[in-house]
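Here the structure comes first, spelled out in structure tokens, and everything after it is commentary.
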Amino acid sequence: MITPLELTKQLISLPSYVSDTQDETPVIEFLAGFLATSFPTMTVGKQYLANTKRCNLVLRGKNSPKLFALGHIDTVQPKAGWQTNPLQPLVKAGKLYGLGAADMKGSLAAFLCALLQERRNIKLDDLMLLMYVDEEYDFKGMKRFLSDDTVLAIQPKLTLSLDGELSIASGCRGLIELSLRIKGRSGHAANPDNGINAITQTIAALQTVNMELAACRDNDLGETTTNLAFIQGGVLQTVGNKNVWLREGNVIPDAAELVFEVRPALPALTAELVLRKIKAAAEREGLRLVDSSIRHDIPPWPVDYDRETLAVLKKSYANAGVPFRPSDRRLQGYIDAQMVTEKITAPTVIIGTGGNNKHGADEHVPLKNIEATSRVYAALLREVLA
């Protein structure tokens with residue numbers, strides 16, 4: 001039987017990032033064959049994204065699932081700075097290095113190996129496993145899955161996201177992403193009062209918004225945070241039919257374009273509310289918000305553990321010989337299991353291998369985490385699907 005480490009290595013070696021020339025297809029094809037061979041009594045379905053060959057994989061038994069597990073198969077694009085080939089898995093000093101090792105091919109491999117190990121001890125017909133695409137980009141795979149109205153009929157005893165740390169987690173802050181164009185007023189740089197600097201005053205306005213939003217706190221999720229992810233500014237000139245940034249001094253910049261992120265801790269913080277705050281702060285600085293678009297407007301997922309689920313989880317960790325520790329959800333990233341909780345009303349938790357340098361160079365996961373997580377999954381499978 002293949003080990004979690006061996007399977008993780010195989011998954012890492014198959015690229016599943018998205019670019020102009022690459023997508024998740026190599027891993028999709030491998031996993032479709034692996035699932036069909038390993039679990040012949042179950043159905044392997046494909047959910048295609050519109051007008052593409054990219055698809056989710058859905059493994060399920062004949063019954064309405066008692067356990068619904070989910071994990072994404074895509075990774076971010078390889079970043080600069082890798083000391084090794086990101087698609088060639090490397091074990092060094094008790095850690096496995098490779099693109100997706102921590103986020104989240106290690107977790108997928110750990111779960112699939114646990115499922116293989118326990119397949120004769122559990123009711124496979126009571127399981128549903130979703131392996132989906134595009135989590136690192138625009139959540140297209142998750143949205144495709146949830147767009148099917150039959151999802152509403154799924155009422156599992158437990159929903160398990162594999163996209164996390166070994167410490168148990170529930171809840172996350174939401175995700176708002178805005179693209180903005182802001183207008184100032186140009187003038188001679190020798191006298192700053194001749195104009196309104198679109199770059200510096202935009203930053204001042206956003207600092208005001210940041211302070212306002214930071215006061216929006218949740219006891220479990222912590223404070224709302226913001227991130228100025230991208231900004232460019234200056235004086236725009238029309239050359240032919242194109243707008244070109246004037247790259248020289250002696251003039252006060254009158255335009256700024258930016259991407260602004262918010263991680264809301266409270267459901268009341270919507271993209272429209274944030275836009276109103278930005279517009280008001282900009283106007284106080286003498287600026288005008290001339291255009292905006294919303295890429296993401298996702299509410300937070302409140303932390304919630306019911307007594308019965310906690311008992312099952314604690315027993316599973318004890319049987320796996322792994323310490324049970326709830327995760328601190330303050331300042332954690334968005335987990336798209338949140339979208340699932342809006343459609344499927346079941347206790348939902350996050351358990352994964354974790355690791356370091358997610359989304360960065362030299363991503364890695366401790367070998368002991370892969371093994372420990374697989375043991376927890378196996379124990380949880382026995383508890384829920386016995």
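Of the residues Thr238, Thr43, Thr373, which exhibits the maximal mean-square fluctuation in a Gaussian network model of the chain defined by a 10 Å Cα contact cut-off? Evaluated over the chain, the most mobile residue of the options is Thr238. Its Cα gyration tensor gives segment 84-154 an equivalent ellipsoid; the semi-axes, largest first and in whole Å, are 29, 21, 6.
What the phi angles of segment 11-18 give under the Karplus curve with 6.51, -1.76 and 1.60, with θ = phi - 60°, is a coupling list of 5, 4, 6, 9, x, 9, 8, 10 Hz, glycine and proline written as x.
Using every pair of alpha-carbon atoms in segment 1-122, split the distances into 10 Å bins beginning at 0 and state the percent of pairs per bin, rounded to integers. Going from the shortest bin to the longest, the percentages are 12, 43, 32, 12, 1. Taking label points 7 Å from Cα along the Cα-to-Cβ direction, Glu29 and Thr225 give a separation of 4.0 nm. Ranking Cys172, Cys216 by solvent-accessible area of protein heavy atoms (1.4 Å probe, all protein chains present), from largest to smallest, gives Cys216, Cys172.
The residues of segment 160-217 expose, per residue, 39 Å² of accessible area to a 1.4 Å probe.
Each Lys and Arg contributes +1 and each Asp and Glu -1, all at the Cβ; summed about the Cα centre of segment 320-370, the dipole is approximately 180 debye. Distances between every pair of Cα atoms in the chain, grouped in 10 Å steps from 0 to the bin holding the largest one, split as 5, 21, 28, 23, 13, 7, 3, 0 percent.
Against the chain, whose longest principal axis comes from its Cα atoms, helix 25-38 is set at around 20 degrees. Rounded to the nearest 500, the 222 nm mean residue ellipticity of the chain from helices alone is -9000 deg cm²/dmol, with -39,500 (n - 2.57) taken per DSSP H run of at least 4 residues. Each Lys and Arg adds +1 at its Cβ and each Asp and Glu adds -1 at its Cβ; summed about the Cα centre, segment 74-227 shows a dipole of about 380 debye.
Within segment 57-181, DSSP assigns beta bridges of which about 40% are antiparallel (rounded to the nearest 5). Entry note, segment 257-308: relative contact order of 45 percent, from Cα contacts under 8 Å with a spacing of 6+ residues.
Farthest toward the positive end of the dipole of segment 32-175, out of Leu112, Met131, Leu96, is the Cα of Leu112, where the dipole comes from beta carbon charges about the Cα centre.
Within the shell of other residues whose beta carbon sits under 10 angstrom from the beta carbon of Ala114, the net charge comes to +2, with Lys and Arg scored +1 and Asp and Glu -1.
Residues within the reach of a label modelled at Arg325 (point 7 angstrom out along Cα to beta-carbon, backbone nitrogen below 15 Å), restricted to segment 357-385, are 366, 368-370, 372-373.
Using the 1.4 Å probe convention, the accessible area of segment 247-386 works out to 46 Å² per residue with neighbouring protein chains retained. Computed over the Cα atoms of segment 241-288, the ratio of the radius of gyration to the Kirkwood radius (Rg/Rh) comes to 1.11. For segment 98-194, give the percent of accessible area contributed by carbon and sulfur heavy atoms, probe 1.4 Å, rounded to a whole number. The computed percentage sits at 46. Within the listed set Pro323, Pro78, Pro86, the residue fluctuating most in the Gaussian network model of the chain (springs between alpha-carbon atoms under 10 angstrom) is Pro323. Taking 0.36 nm per residue of separation and subtracting the current Cα-Cα distance, fully stretching the chain between Ala190 and Thr345 would add 49.6 nm. Accessible surface of segment 237-381, 1.4 Å probe: 48 percent of it comes from carbon and sulfur atoms. With R₀ fixed at 25 Å, the C-beta to C-beta distance from Ala361 to Ser179 puts the FRET efficiency at about 0.40. Straight-line cross-link reach from Lys242 at under 20 Å between alpha-carbon atoms covers these lysines, not counting any fewer than eight positions away in the same chain: Lys183.
Heavy-atom accessible surface of segment 12-128, averaged per residue, reaches 42 Å², computed with a 1.4 Å probe. By its C-alpha gyration tensor, with a ≥ b ≥ c as the square roots of the eigenvalues, how is segment 282-386 shaped: rounded for a/c under 1.5, else prolate for a/b larger than b/c, else oblate? It is prolate, given that a/c is not under 1.5 and a/b is the larger ratio. For the chain, the Cβ-based charge dipole about the Cα centre amounts to some 660 debye (Lys, Arg positive; Asp, Glu negative; other atoms uncharged).
The values are calculated or read from the model by the stated rules, or taken from the named source; none is laboratory data. Here the structure is a predicted model, which is why all the values come from computation and not from measurement. Reconstructed Cβ throughout: ideal geometry from the backbone, glycine too, with neighbour counts over all protein chains shown. Note: areas computed on protein heavy atoms with side chains; ligands, DNA, RNA excluded. Shrake-Rupley method; radii C 1.70, N 1.55, O 1.52, S 1.80 Å.
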